[in-house]
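*Asks:* Just passing along the structure, written as structure tokens.
The values are calculated or read from the model by the stated rules, or taken from the named source; none is laboratory data. These figures come from a predicted structure and were not determined experimentally. When we count neighbours, we look across all protein chains shown, and the Cβ atoms used for this are built from the backbone with ideal geometry, even at glycine. With ligands, DNA and RNA removed, areas are computed over all heavy atoms of the protein, side chains included. Shrake-Rupley method; radii C 1.70, N 1.55, O 1.52, S 1.80 Å.
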Amino acid sequence: MGDLVHTSRLRIERVKGPIREAFLENFDTPIRFGVHGGIKKFYGVEPDEDIPATLDHMVAAVGA
């Protein structure tokens, strides 16, 4: 097995309903997670604002 390169340290806070913020160590701005489109329809929620879901962030990371 290779050497450990990085360990992510973060905390996630619920803002309201499905909206969450992830605070990563050494970054001032949180990453916001929520729901939109078909995801909010699936869960039967109507948040105050549409925000990218965790799935959107994961797909973007794979494509990077």
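*Asks:* Within the stretch 16-48, restricting attention to residues that are more than 21 Å from A61 (Cα to Cα) and without any contact (Cβ under 8 Å) to a residue 12 or more places away in the chain, which residue is surrounded by the fewest Cβ atoms within 10 Å (Cβ to Cβ)?
*Replies:* G44
*Asks:* How many residues, within the stretch 49-64, are in a loop (DSSP other than H, G, I, E, B) and open to solvent by less than 80 Å² (accessible area, probe 1.4 Å)?
*Replies:* Applying the first criterion (in a loop (DSSP other than H, G, I, E, B)) to the stretch 49-64 yields 49-53, 64.
Next, from what is left, pick out any that are open to solvent by less than 80 Å² (accessible area, probe 1.4 Å): 51-53.
The number of residues fulfilling the criteria is 3.
*Asks:* Which residues, taken from the stretch 10-48, are outside any strand (DSSP E or B) and of a type in the set (D, E)? Show your work before the answer.
*Replies:* Going through the stretch 10-48, the residues outside any strand (DSSP E or B) turn out to be 17-18, 25-30, 34-48.
E25, D28, E46, D48 - these are the residues of the stretch 10-48 that are outside any strand (DSSP E or B) and of a type in the set (D, E).
*Asks:* On the basis of being of a type in the set (S, T, Y), open to solvent by 70 Å² or more (accessible area, probe 1.4 Å) and not in a helix (DSSP H, G or I), does T7 make the cut?
*Replies:* Here the answer is no, as T7 does not meet what is asked.
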